[in-house]
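Data block below; observations after.
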Amino acid sequence: MKKVLNYINGEWCEGSSGKFIPVTNPANGQVLAEVTQSTNDDVDRAVNAAKSAQKEWSLVPAPDRAEVLYKVANLLKERKEEIAQILTSEMGKVIDEGRGEVQEAIDMAFYMAGEGRRLFGDTIPSELRNKFAMSIRVPIGVVGIITPWNFPIAIASWKSLPALVSGNAVVWKPATETPMVAQEFVKIYEEAGLPKGLINLVNGSGSVVGSAMVDHPQIDLISFTGSNEVGKAINGRAGELLKRTSLEMGGKNAVTVLEDADLDLAVEGILWGAFGTAGQRCTATSRVIIHKDVKEELEHKLISRIKELKMGDGLDETVKVGPVINGAALERIDEYVKIGQEEGAKLLTGGQIVKGNGLENGNFYEPTIFTNVTPEMRIAKEEIFGPVVSIISVNSLEEAIEVNNSVEFGLSSAIYTANVNKAFAAMRDLDTGIVYINAGTTGAEIHLPFGGTKGTGNGHRDSGVAALDVYTEWKAVYVDYSGKLQRAQIDNY
Ligand code: NDP
């Protein structure tokens, strides 16, 4: 049986619990490998290694740090197909999406390598003569990264690459469900020549390894992507310790379709947003806000297209909808479908766990659409994280925006309209970190800031140049070359 190990101070090693747990393929229940389970001691060793490696790394000129990232980018490129296959086997998303996710990591590696020759600060005029002022970015220190299973390499790349190019060291706890891809990513860092101690992989449960990282006094920042429940708990504890956090959490994203929209285009965007990655994206489309005049027509088009979506093992190139991650997710999704029915929503299509057709050993849920949903219903407010979408009917753009903004999350939103005035008004008024015009709710590009408003996060952004604000401190530097005491605010001209 293949073993997934920890990587601490440049060595592959078992976690000190001595225990391993199986990693399974969600499409068929097959055990792919077993992953080592760590304890507080392993976290401690990883943090100590990171701490001692970081000091020297912070002195390496950023363009030289970037050279390692260029190697990472090229190795990822060479191994793209192999990693995508592993990703699909352990996480379940269809292979095209697996390839797309690895591409995201490649893009991020090239982009952040480029930052090694920028990492810009500012020069700012001093208010005094013969005095020079500037701001420079300095690393934070040891960064703890905690990632979810739904984008196991993309999210890890969004966090580890800007952290490293900025001169930090990393301790990474991947999701228990997807340790194999994490191992491949760390092997690439190793092969690229990243000095030992700068990336440390510690496998194990969130409640043991994740908590130990949050508690550890030598971890200066926790960068977390995952559920709101866990994110809030991390933030509470980190607050007590005055530790920085960058949190990206849930979404309840909506596509608005106005009466003048290209409905066929909207249907494609909705299907891709709602059922890609089996609805397990933080940016998944889980609400469709539709103008009442085109509701019936859009529903007909959705139902006829949904029948063409083949379900199955994501490694089959013809499959469009893969499994959900595990049995617990399957049950949670089914529970929400029952809640929707009890609340009075009408099931248009789907609503069942798939049994038979050779899919009985996997975790498959039918692509599901509810209609006649009202904004107060739980299925319209809570994140389901599965292939379930709710249609809500409205009378105007203003009402659509009100419904869009009525949820606790603020990650992504989309609007389909041919009216440029309405598109710009929506761009201004949709209260989400990401807005799409005439495209679905997913499709972020790595050089733009990624993250959400309200309950989705705590104001930080992954990716884009904004990510550097998470992984660096600002230092203000004043150089007085007047040769005398000059008092700011007093000795001014
Ligand atoms: P979880 O919050 O359950 O897990 C995320 C990570 O946190 C995992 O590595 C998990 O470990 C770890 N963890 C669990 N408990 C603790 C703890 N007490 N202390 C520290 N770490 C802990 O989320 P899921 O993995 O289920 O991911 C799905 C969620 O992620 C959804 O809500 C989704 O919206 C969100 N998400 C948000 C994104 C965004 O950018 N906004 C992007 C992608 C997903 P373990 O695996 O061992 O449980």
- Item | Options Arg287, Arg237: the member that is of a type in the set (Lys, Arg), within 16 Å of the ligand (Cβ to nearest atom) and over 20 Å from Ala380 (Cα atoms) | Arg237
- Task: Specify which of the listed residues (Val389, Val394, Val407) is surrounded by fewer than 22 Cβ atoms within 10 Å (Cβ to Cβ) and of a type outside the set (Lys, Arg).
- Result: Val394
- Message: Pairs please, first residue from segment 412-426 and closer than 11 Å to Leu397 by Cα and charged (D, E, K, R), second anywhere and in a helix (DSSP H, G or I) and at pLDDT 95 or above, Cβ atoms under 8 Å, 6+ apart in sequence or on different chains.
- Response: Lys422/Leu397
- Item | Residues located in segment 308-350, provided they are within 16 Å of the ligand (Cβ to nearest atom) and basic (Lys, Arg) | Arg332
- Task: Give the number of residues within segment 198-221 that are more than 8 Å from the ligand (Cβ to nearest atom) and among the polar types (S, T, N, Q).
- Result: 3
- Task: Could you please tell me which pairs satisfy a Cβ distance under 6 Å, a separation of 6+ or placement on different chains, a first residue in segment 239-266 that is under 19 Å from Ser211 (Cβ atoms) and of a type in the set (Gly, Ala, Ser), and a second residue that is within 16 Å of the ligand (Cβ to nearest atom) and part of a loop (DSSP other than H, G, I, E, B)?
- Result: Ser246/His460
- Subset of segment 150-197 [within 16 Å of the ligand (Cβ to nearest atom) and of a type in the set (Asp, Glu)]: Glu177
- Identity of the residue in segment 247-260, surrounded by 24 or more Cβ atoms within 10 Å (Cβ to Cβ) and among the small types (Gly, Ala, Ser), that ends up nearest to the ligand (Cβ to nearest atom): Gly251
- Filter result for Gly273 (part of a helix (DSSP H, G or I) and within 16 Å of the ligand (Cβ to nearest atom)): yes
- Query: If a residue has to be more than 16 Å from the ligand (Cβ to nearest atom), β-branched (Val, Ile, Thr) and within 13 Å of Gln341 (Cα to Cα) to count, how many in segment 371-400 make the cut?
  - Reply: 3
- Note on the structure: For segment 387-407, pairs from a residue that is closer than 30 Å to Gly92 by Cα to a residue that is among the charged types (D, E, K, R) and surrounded by fewer than 21 Cβ atoms within 10 Å (Cβ to Cβ), with Cβ under 7 Å and 6 or more apart or across chains, are Ile391/Glu299; Val407/Lys381
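Listed here are the residues, each with its yes/no results for (1) under 17 Å from the mean Cα position of the chain (by Cα); (2) of a type outside the set (Ser, Thr, Tyr); (3) under 30 Å from Ile140 (Cβ atoms).
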site	(1), (2), (3)
Ile222	yes, yes, yes
Thr225	yes, no, yes
Asn228	yes, yes, yes
Ala233	no, yes, yes
Leu241	no, yes, yes
Val255	no, yes, no
Leu263	no, yes, no
Gly273	yes, yes, no
- Which of the following residues is in contact with a helix residue (DSSP H, G or I) (Cβ under 6 Å, 6 or more places away or on another chain) and at negative phi: Ile270, Ile222? Ile222
- Note on the structure: Selection from segment 1-45 of residues under 30 Å from Asp316 (Cβ atoms), acidic (Asp, Glu) and not in a strand (DSSP E or B) yields none
- Looking only at segment 445-464, which residues are more than 19 Å from Gly231 (Cβ to Cβ), touching a residue at least 24 places away in the same chain (Cβ under 8 Å) and buried (at least 16 other Cβ atoms within 10 Å of the Cβ)? Ile446
- Note on the structure: Pro323 meets each of (1) in contact with a Ser or Thr (Cβ under 9 Å, 6 or more places away or on another chain); (2) crowded, with 17+ Cβ neighbours inside 10 Å with one exception, condition (1)
- For Ile234, work out the one condition from (1) of a type outside the set (D, E, K, R); (2) out of contact with any Lys or Arg (no Cβ under 7 Å at 6 or more places or on another chain); (3) outside any helix (DSSP H, G or I); (4) touching a residue at least 40 places away in the same chain (Cβ under 8 Å) it doesn't fulfil. (3)
- Message: Test of understanding: among Gln30, Gln54, which residue is surrounded by fewer than 15 Cβ atoms within 10 Å (Cβ to Cβ) and polar (S, T, N, Q)?
- Response: Gln30
- Task: Could you figure out which of (1) without any contact (Cβ under 8 Å) to a residue 24 or more places away in the chain; (2) farther than 26 Å from Gly10 by Cβ isn't true of Lys55?
- Result: (2)
- Query: Going through segment 155-166 one residue at a time, which ones are small (Gly, Ala, Ser) and touching a Leu at 6+ places or on another chain (Cβ under 8 Å)?
  - Reply: Ser166
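The values are calculated or read from the model by the stated rules, or taken from the named source; none is laboratory data. Since the model is a prediction, treat every value here as computed from it, not as a measurement. Heads up, the Cβs are rebuilt from the backbone with ideal geometry, glycines too, and the neighbour counts pull from every protein chain shown.
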